[in-house]
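Visitor: One structure, as structure tokens, below. Some questions next.
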Amino acid sequence: QVQLVESGGGLVQPGGSLRLSCAASGIIFSRYHMSWYRQSPGRQRELVATIAGGGSTNYADSVKGRFTISRDNARNTVYLQMNSLKPEDTAVYYCKAKFFANDIWGQGTQVTVSS
């Protein structure tokens, strides 16, 4: 069964950190381009960070220098380390796997940044 399962979300104070994980099953993980997206109420889903199978990365300007995407192909898992969190980072965070025209989405994990 093809599946992506996110975890690690929660409530954190401004300036704090969280690490999100996305575990994949049913796919040859190393072949997939992995991404994190987020969506907050009333806004479109936006791309946060991407990582290719070989490890090259890209980030949205809003998170550069604060977030780090990484992957462990042996564990079929992609991570998003989020530091210096701001209230505007509050959103549901989604993991996506892409291989050519095949897109797979996870169910999302809520991140709330609030004092």
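Visitor: Could you list, in sequence order, the residues of the range 85-102 that are surrounded by fewer than 12 Cβ atoms within 10 Å (Cβ to Cβ) and at pLDDT below 95? Steps first, answer last, please.
Guide: Here is the first cut: in the range 85-102, the residues surrounded by fewer than 12 Cβ atoms within 10 Å (Cβ to Cβ) are 87-88, 100-102.
Those that are surrounded by fewer than 12 Cβ atoms within 10 Å (Cβ to Cβ) and at pLDDT below 95: 100, 101, 102.
Visitor: Here is a follow-up. In the range 8-17, which residues are surrounded by 14 or more Cβ atoms within 10 Å (Cβ to Cβ) and under 18 Å from residue 107 (Cα atoms)?
Guide: Result: 8, 9.
Visitor: If the requirement is being in contact (Cβ under 8 Å) with a residue 60 or more places away in the chain and either touching a Phe, Trp or Tyr at 6+ places or on another chain (Cβ under 6 Å) or basic (Lys, Arg) (or both), which of these qualifies: 97, 49?
Guide: On the way: 49 fails: in contact (Cβ under 8 Å) with a residue 60 or more places away in the chain.
Unique residue meeting the criteria: 97.
Visitor: Right, next: Limited to the range 68-103, what total is found for residues that are part of a strand (DSSP E or B) and either touching a Cys at 6+ places or on another chain (Cβ under 7 Å) or over 24 Å from residue 3 (Cα atoms) (or both)?
Guide: Residues of the range 68-103 part of a strand (DSSP E or B): 68-72, 77-82, 91-99, 102-103.
Of the ones still in play, those that are also either touching a Cys at 6+ places or on another chain (Cβ under 7 Å) or over 24 Å from residue 3 (Cα atoms) (or both) are 77-78, 95.
Number of matching residues: 3.
Visitor: Count, please, the residues in the range 68-84 that happen to be surrounded by fewer than 21 Cβ atoms within 10 Å (Cβ to Cβ) and touching a strand residue (DSSP E or B) at 6+ places or on another chain (Cβ under 8 Å).
Guide: Quick first cut of the range 68-84, residues surrounded by fewer than 21 Cβ atoms within 10 Å (Cβ to Cβ) only: 68, 70, 72-77, 79, 81, 83-84.
Now restrict to residues that are touching a strand residue (DSSP E or B) at 6+ places or on another chain (Cβ under 8 Å): 68, 70, 72, 75-77, 79, 81, 83.
Residues that pass the stated criteria total 9.
Visitor: How many residues are touching a Lys or Arg at 6+ places or on another chain (Cβ under 8 Å) and either in a loop (DSSP other than H, G, I, E, B) or without any contact (Cβ under 8 Å) to a residue 24 or more places away in the chain (or both) when one looks only at the range 104-115? Working first, answer last.
Guide: Step one: of the range 104-115, the residues touching a Lys or Arg at 6+ places or on another chain (Cβ under 8 Å) are 104-106, 111, 113.
Narrowing further to those that are either in a loop (DSSP other than H, G, I, E, B) or without any contact (Cβ under 8 Å) to a residue 24 or more places away in the chain (or both): 106.
Of the residues in that region, 1 qualify.
Visitor: Is it true that residue 46 is among the acidic types (Asp, Glu), within 15 Å of residue 82 (Cβ to Cβ), surrounded by 16 or more Cβ atoms within 10 Å (Cβ to Cβ) and at pLDDT 95 or above? Steps first, answer last, please.
Guide: Details: among the acidic types (Asp, Glu): yes; within 15 Å of residue 82 (Cβ to Cβ): yes; surrounded by 16 or more Cβ atoms within 10 Å (Cβ to Cβ): no; at pLDDT 95 or above: yes.
For residue 46, the condition - among the acidic types (Asp, Glu), within 15 Å of residue 82 (Cβ to Cβ), surrounded by 16 or more Cβ atoms within 10 Å (Cβ to Cβ) and at pLDDT 95 or above - is not met.
Visitor: Next question, about the same structure. Take residue 56 and tell me if it is open to solvent by 60 Å² or more (accessible area, probe 1.4 Å), out of contact with any Ser or Thr (no Cβ under 8 Å at 6 or more places or on another chain) and polar (S, T, N, Q).
Guide: Values: open to solvent by 60 Å² or more (accessible area, probe 1.4 Å): yes; out of contact with any Ser or Thr (no Cβ under 8 Å at 6 or more places or on another chain): yes; polar (S, T, N, Q): yes.
Yes: the conditions hold for residue 56.
Visitor: How about the range 20-37: which of its residues are in contact with a Ser or Thr (Cβ under 9 Å, 6 or more places away or on another chain) and either open to solvent by less than 20 Å² (accessible area, probe 1.4 Å) or basic (Lys, Arg) (or both)? Explain how you work it out, then say what you get.
Guide: Restricting attention to the range 20-37, the residues satisfying the condition of being in contact with a Ser or Thr (Cβ under 9 Å, 6 or more places away or on another chain) are 20-24, 29, 33-36.
Within the range 20-37, 20, 22, 24, 29, 34, 35, 36 meet the criteria.
The values are calculated or read from the model by the stated rules, or taken from the named source; none is laboratory data. The structure displayed is predicted, hence computed values, not measured ones. Quick reminder, even Gly has a Cβ in these numbers, built from the backbone with ideal geometry, and neighbours come from all protein chains shown. Calculation scope for accessible area: heavy atoms of the full protein, side chains included, ligands and nucleic acids excluded. Shrake-Rupley method; radii C 1.70, N 1.55, O 1.52, S 1.80 Å.
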